[in-house]
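Please read the structure below before turning to the comments.
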Amino acid sequence: MTNYYPRDIVPLIGRALRSMPVVVVTGMRQTGKSTMLKMDPSLRERDYVSFDDFAQLAAAREDPDGFVRSRELITIDEAQKCPEILTAIKKAVDEERTPGRFLLSGSANFSMLKGVQETLAGRAVYFTLHPFTRREITGKPGESPFLLEFFHKREVPDVKAAPVEWKEVLTGGMPSVCLRQIEDAGFWFKGFEQTYLERDIGEFSRMGNVIPFRNLLHLAALRTGQLLSPSRLGRDARLKAATATRYLSILEASFVIRRVFPYLRNRSSRLIKSPKMYVSDSGLACHLAGIRNFDIEGGVPFKGALLETYMAQNLAGLIDSFWPDAELGFWHIQGRHEVDFVIEDGGKCIALEIKSGTRWGERELSGLKTFLGKTPQCTAAILAYNGDSAVRLGKRLWAIPLGMILS
């Protein structure tokens, strides 16, 4: 039997189940949703069914109202495969609003699926299970993360942090790979891609030919960590801009990519300016980009973008589990200054610049210093470097190890 690794988001799901009638857990395929729902001690007492089981799916389609009413506390995995059940859940909730009665899961963003948002509006709360974070892999779930504590107290513990190794970026956070449940990660990622293209895409679009979509998927991986331009990406993939935009929406709805929006004082402008795009798992990004190992001496052309992708993956998991009121963004002044990540909460923020090396110079600090000068609500600017000790560099300015940032 496979050992179960607790996930950081479970306590938050538990709190939601005590107040909301419907709780929805979504996320990319193979991030561990089914394992969590079946094996976590706090969720095992629920009646678990999966619509991957044809018999269960057929029964739900035949009599959705009866299927729902025959169970008290029910967990339905891959619920998006039976839209009829969502209407039955709506009826049941409207009749009796019992907290925690329905826990739904699926490899799709329910709020982006046609009709689902209206069906569950006001009745459901949504959570995303991201790929494993570094702290979950090392067995530290439940502990308050360093970044959250630092945001409120600006205190750094006097401890050494283990540096991030490039093999961690190459491996990513998909459970089968990062927990070493398979021997050859290359075969696993190849199978994941095939399953995604052949099976999951059908749930979002009637796409007769998946080859253009596959080409755009690989091109997107080669642009992870960069500003997103659907028209330019479409041109490179030899697709019309409208088609490229639709394909990107499918990738986002299935959690393969995520957009991170710019940090601007004018919140409406954040939605207008170009976002950054990240593949949701650094291991998958490496596979799709054709990178099988890192030649430290020879280098990888966009090694920095892949480390940034790994950090985005970890920060998203941390924020969604412990810091749901926070927003992850970035800061960019065209051709002049930029900051990789900005975490905002309650009008205040902290800035993070990611560096793969163990040393730094004035160049690496220039973006952070400029951001501090322009952003009085920034309480701390951090150069996240790959050393082992934290150092205060000035007023509101620190150099803190990547390993500590992710702890």
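Per-residue ellipticity at 222 nm, computed for the chain from helices alone with -39500 (n - 2.57) per DSSP H run of at least four residues, works out to -11000 deg cm²/dmol. Label GLN334 and ARG235 with points 7 Å out from Cα along Cα→Cβ: what is the distance between them in nm? Spacing of the two 7 Å Cα→Cβ label points: 1.5 nm.
Maximal additional length on extending the LYS369-GLN181 stretch stands at 63.3 nm, based on 0.36 nm per residue less the C-alpha distance.
Here LYS303 is the anchor, and the aspartates and glutamates within straight C-alpha reach of less than 20 Å, apart from those fewer than 8 places off in the same chain, are GLU165, GLU168, ASP281, ASP295, GLU338, ASP340, GLU353, GLU364.
Taking GluC sites (Glu not before Pro) in DSSP loop conformation with at most 14 other Cβ atoms inside 10 Å as exposed sites, the chain has its longest uninterrupted site-free stretch at 184-296. Rounded to the nearest 20, the size of the Cβ-charge dipole of the range 303-387 about its Cα centre is 420 debye, with Lys and Arg at +1 and Asp and Glu at -1.
Here the gap between GLU143 and ARG18, fully extended at 0.36 nm per residue and compared with their Cα-Cα distance, gives a gain of 42.9 nm.
Annotation: lysines with alpha-carbon distance below 26 angstrom to LYS240 (same-chain offsets under eight excluded): LYS114, LYS273, LYS276. Compared with the direct C-alpha span, the chain from GLU96 to LYS153 gains 16.2 nm at full extension, assuming 0.36 nm per residue. The distance from the alpha carbon centre of the range 225-268 to that of the range 71-111 is 30 Å, rounded to a whole number. The residue list PHE102, ILE250, PHE341 was ranked by how far each Cα lies along the charge dipole of the chain toward its positive end, using unit charges on Cβ atoms, and PHE341 comes out on top. Taking 7 Å steps out from each Cα toward its Cβ at GLU165 and GLU62 produces label points 5.3 nm apart. When the surface is traced with a 1.4 Å probe over the full set of protein chains, ASP53 keeps roughly 70 Å² accessible.
Take each uninterrupted DSSP H stretch in the chain, measure its Cα extent along the helix axis, and return the ones at 27 Å or beyond whose mean Kyte-Doolittle hydropathy is at least 1.6. Qualifying helices: none. The SER42 and GLN226 beta-carbon pair, evaluated with R₀ = 30 Å, returns a calculated FRET efficiency of approximately 0.15. Taking the Cα centre of the chain as reference, the dipole from Cβ charges on Lys and Arg (+1) and Asp and Glu (-1) amounts to some 1380 debye. Legend: calculated FRET efficiency, THR35 to GLU362, from the Cβ-Cβ distance at R0 = 45 Å, rounded to 0.05, equals 0.45.
The values are calculated or read from the model by the stated rules, or taken from the named source; none is laboratory data. Every value quoted in this text rests on a predicted model; they were computed, and no experiment measured them. Virtual Cβ from ideal backbone geometry, glycine too; neighbours counted across all protein chains shown. These accessible areas exclude ligands, DNA and RNA; they are computed on the full protein's heavy atoms, side chains included. Shrake-Rupley method; radii C 1.70, N 1.55, O 1.52, S 1.80 Å.
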